[in-house]
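The values are calculated or read from the model by the stated rules, or taken from the named source; none is laboratory data. Since this is a predicted model, take the numbers as computed values, not measurements. Here Cβ is always computed from backbone atoms with ideal geometry, including for glycine, and neighbour counts include all displayed protein chains.
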Amino acid sequence: MTSVLIHTLGCSANIGESEIMGGILSEEGYIIVDDLKIADIVIINICTVKGDDTALKAIRKFNEHNNKKMVIAGCIPPARSNIFKNASPDAALISTDNLSKIADAVKSVENNTPVSYLGRNYEDKAGLNKFRTNREIGIITINNSCNDACSFCGVKLIKGKLKSYPSEKIISEAKKALFEGCKELWITSQDTAAYGIDISGKSMLPELVNELVQIPGDFKIRIGMFNPMNISDMEDEFVSMFSDSKVYKFAHIPLQSGSNEVLKRMKRRYSREYFMRLINKLKENYSGMTFATDVIVGFPGECDNDFNDTVQCLNEFLPEVLHISKYQRIPNTIASVMKDQVDGKTAMKRSKILSEIHPVWSKNRLNKFNGEEYECYVTDKKKDYIAHSDSYVQIIIPSAQDLLGKKVRVKINDAAKYYLIGELIDIIEEKASIIIKV
């Protein structure tokens, strides 16, 4: 049988879509592999939300070093599809809107007649079978696209209008993942706070999370990134969303800039002051909460004072996880034609400043956990085993025992820049599994 390797770029939603493609192909008799040497066909599931460079580099690297047939899938902007076709003329192209046709795309390259599926097609992707990249984690995408049009972003150009998936399908998918042994559920999308706005006119994420925590069993939920503009007038509901013990005390909320003038040009629909009120409200309710945020430096018109506002805001916020992006000009976005484009050297300098000061915040916070003990599920293994605290701080556990999928008790005895190092104390006997009606 034909073997297929799926190489994924981008966010957890993209990983989820790769798992859907793997599930469809498995049902069609293809063998999903993780070793390039034995793969007959390579699917590169690309992300272009922040620009094309990373995707094109990956495509060219596979073409240069491997004689493999290829399918380019994922976030392919319809207006720029020729760029990717030119990078790999013999590849089939299939956009994120057409994942149900992945088997046809693979068959087309097998037959040396590559096709392109790039039309807008708002598929319902909830509840589909998946070939999991990590059997301990159930990745559940709750909506496609978002309801905003930030001036720098390519999401709407790629994915079109917001489409939220039916809650009953999401709950069913969650139950199925838990029945199959998953210990974590990752609730994800391009903006989880946008969930349900196309249905009810307001975010339905808190309602959905409340339904998920009612599912019986011992598991954790990680809520994916949500934007501040969809929380206005619903702050209390969003704060309460984290109250259940099944929900990680972890919030990924993008700041993007600490300058109100830059936020206006970005069309972000919130102010720095509102952002900080939201953060402080979460901190007041959950003292150990972990925060992740995103910042763009070098946005058109960003002056030194604007950047200093961002630094000042971050020094007040002190997020444990900081994603720094240098602004990239994405064709057909409002920002791409703005005046006062910031030169690359200035953007690089600002990025370097943030990348140098952030580890100090993180290390200072993590040092406070030394001596603490946690009960947690081991959900991954690289060189050592990986688990997370209740506030989703990564814990590295060196052990010669097989810990994957097991609940353990660990004692923290050291901290690195971005993670804790734990000593295994005990493997907790798992309770009898609760049979969940799927």
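Any residue in the stretch 213-242 that is assigned by TED's automatic domain parsing to the domain that holds E168 and touching a residue at least 60 places away in the same chain (Cβ under 8 Å) sitting within a Cβ distance under 6 Å of a residue that is surrounded by fewer than 20 Cβ atoms within 10 Å (Cβ to Cβ) and β-branched (V, I, T)? List the pairs, counting only those 6 or more apart or interchain.
P216/I434; G217/I434
Basic (K, R) and either at pLDDT 95 or above or under 30 Å from I170 (Cβ atoms) (or both), is that true of K61? It would help to see each step written out before you state the result.
Details: basic (K, R): yes; either at pLDDT 95 or above or under 30 Å from I170 (Cβ atoms) (or both): no.
Judged against the criteria, K61 is not a match.
How do the helices (runs of 4 or more DSSP H) wholly within the stretch 84-190 filter down when requiring 3 or more residues that are more than 27 Å from A58 (Cβ to Cβ) and out of contact with any helix residue (DSSP H, G or I) (no Cβ under 8 Å at 6 or more places or on another chain): which remain?
Numbers: elements: 102-110, 155-159, 167-179.
Answer list for the stretch 84-190: 167-179.
I'd like the full set of residues that are within 22 Å of P319 (Cβ to Cβ) and surrounded by fewer than 14 Cβ atoms within 10 Å (Cβ to Cβ), limited to the stretch 350-371.
If we filter the stretch 350-371 for residues that are within 22 Å of P319 (Cβ to Cβ), which is where we start, we get 350-370.
Across the stretch 350-371, the qualifying residues are K352, S355, E356, I357, P359, V360, K363, N364, N367, K368, N370.
Search the stretch 308-326 for residues that are at positive phi and pair each with any residue that is in a helix (DSSP H, G or I) when their beta-carbon atoms are under 8 Å apart and the residues are at least 6 apart or on different chains.
Pairs found: L318/W361; L318/R365.
Kindly indicate whether E356 is closer than 30 Å to C303 by Cα and either of a type in the set (D, E) or in contact (Cβ under 8 Å) with a residue 60 or more places away in the chain (or both).
Values: closer than 30 Å to C303 by Cα: yes; either of a type in the set (D, E) or in contact (Cβ under 8 Å) with a residue 60 or more places away in the chain (or both): yes.
Yes, satisfied.
Can you tell me which condition D198 does not meet? The list is (1) surrounded by fewer than 17 Cβ atoms within 10 Å (Cβ to Cβ); (2) at pLDDT 95 or above; (3) part of a loop (DSSP other than H, G, I, E, B); (4) not small (G, A, S), and all the others hold.
(3)
Which numbered condition trips up E237, out of (1) in contact with a Pro (Cβ under 7 Å, 6 or more places away or on another chain); (2) charged (D, E, K, R); (3) in a strand (DSSP E or B)?
All conditions pass for E237, except number (3).
If you take just the strands (runs of 3 or more DSSP E) that sit entirely in the stretch 275-383, which of them hold at least 1 residues that are among the β-branched types (V, I, T) and farther than 22 Å from A193 by Cα?
Details: elements: 290-297, 321-326, 373-381.
Hits in the stretch 275-383: 290-297, 373-381.
Only residues that are over 19 Å from the mean Cα position of the chain (by Cα) and either part of a helix (DSSP H, G or I) or at pLDDT 95 or above (or both): list them for the stretch 219-232, please.
The one that is over 19 Å from the mean Cα position of the chain (by Cα) and either part of a helix (DSSP H, G or I) or at pLDDT 95 or above (or both): F219.
Can you tell me which residue within the stretch 381-413, out of those that are acidic (D, E) and surrounded by fewer than 16 Cβ atoms within 10 Å (Cβ to Cβ), is farthest from the chain's Cα centre (by Cα)? Working first, answer last.
In the first step, residues of the stretch 381-413 are kept if they are acidic (D, E); the result is 384, 390, 402.
Still in the list and also surrounded by fewer than 16 Cβ atoms within 10 Å (Cβ to Cβ): 384, 402.
On the way: D384: 23, D402: 28 Å.
Going through the qualifying residues, I end up with D402.
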